[in-house]
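For reference, the structure discussed in these notes is given below.
Read-outs throughout are calculated quantities, based only on the coordinates presented, and are distinct from any laboratory measurement. Keep in mind that what you see is a predicted model, and the values were worked out from it rather than measured. Reconstructed Cβ throughout: ideal geometry from the backbone, glycine too, with neighbour counts over all protein chains shown.
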Amino acid sequence: MRKANPFFLDGIHVVMKVVLLSYTKDAERLCAAAARSCYSDDVPSDILERMEESKAGAAIDRVVGMGHHSVIEHASYTFSLEGVSRVLTHQLVRHRIASFSQQSQRYVSLLEPDFVTPGTIQSDPVANRVYEEAMANAWDAYQKLATIVPVEDARYVLPNACTTNIVVTMNARELWHFFTLRTCRRAQQEIRTVAELMLKEARAVSPSLFGDAGPSCLRGKCPEGKLSCGRPREELKFK
């Protein structure tokens, strides 16, 4: 029996799961104290001890607004992305200032079909029929090969649609960069969905750090020029 793992946007059900596993505690106080230490005779430990949480956000806004983004690199966030495709992870690992730990196809067999179906294919009967036939053929070949050769070699016939799990850690500055690129309407649907879920989690624990995060259109002019979609993502503004 084939198992699909569809995903959709705009309020429609999403099967993939994003979990914030860990993050720097008191991240906003820490980054604000680091920023203030650049302009103070006091030692950073004393500055952090005196830093009030209510004032941390304003300190971060002021320094980051001046373009000094290095101060938010002191905070890091670790996410578990579950049930995503290898199409997504191939894009994700291009964000190089990050750490990744991905489920291995060498040591984890995929004898039971589990794959992601893009919404554009899921919603088109003809496309969906072609797609599911391709998935069935790929897994049939994989299952047969797995009885003849090692699983690590049988996996060569598996599609990019295979589901996988990956743990990713980024500092706040790289997350900002990731959100700028991947929550844009021009990003592919699946990674855009994941980026939006990650942004929601990051804002929940560090609202001052990520309140203005998101695509460039939320903060000014779209950098895509003539390729711009012309539709600012107002729905992603921090409430």
Work out how much length VAL108 to SER80 would gain on full extension: take 0.36 nm times their residue separation and subtract the Cα-Cα distance, in nm to one decimal.
8.3 nm
Have a look at the stretch 25-74 and give its Rg and Dmax from the Cα atoms, expressed in angstrom.
9.6, 25
Pulled fully out, how much extra length does the chain show between ALA58 and GLU234, if you take 0.36 nm times their separation in residues and subtract their Cα-Cα distance?
61.1 nm
Column: log10 I(q)/I(0), Debye, Cα scatterers of the stretch 82-144, q = 0.20, 0.29, 0.30 Å⁻¹
-0.96, -1.25, -1.28
Degrees separating the helix 125-145 axis from the principal Cα axis of the chain, which is the longest one
80 degrees
Distance (nanometres) between label positions extended 7 Å along Cα→Cβ at ARG94 and HIS177
1.4 nm
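Starting from the Cα gyration tensor of the stretch 132-239, take the square roots of the eigenvalues, sort them a ≥ b ≥ c, and report rounded, prolate or oblate (rounded when a/c is under 1.5, otherwise prolate if a/b is larger than b/c, else oblate).
prolate
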Antiparallel content of DSSP bridges confined to the chain, in %, to 5
95 percent
Provide VAL87, VAL64, VAL43 in ascending order of the number of other Cβ atoms located within 10 Å of each residue's Cβ, fewest first.
VAL43, VAL87, VAL64
Restricting things to Cα coordinates, could you compute the convex hull volume per residue of the chain in Å³?
141 Å³
From DSSP H assignment alone, runs of 4+ in the chain each adding -39500 (n - 2.57), the sum over residues rounded to the nearest 500 puts [θ] at 222 nm at -12000 deg cm²/dmol
For the stretch 90-129 and the stretch 155-228, what is the separation of their C-alpha centers, rounded to whole Å?
17 Å
Treat every Asp and Glu Cβ in the chain as -1 and every Lys and Arg Cβ as +1, leave all other atoms uncharged, and give the resulting dipole magnitude about the Cα centre to the nearest 20 debye.
620 debye
Quick check on the exposure proxy: order LEU236, LEU21 from fewest to most C-beta atoms within 10 angstrom.
LEU21, LEU236
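What's the exposure ranking of TYR77, TYR156, going from fewest to most Cβ atoms within 10 Å?
Ascending Cβ contact count within 10 Å gives the list TYR156, TYR77.
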Compute the long axis of helix 27-37 from its Cα atoms, compare it with the longest principal axis of the Cα atoms of the chain, and write down the angle in degrees, 0 to 90, nearest 10.
40 degrees
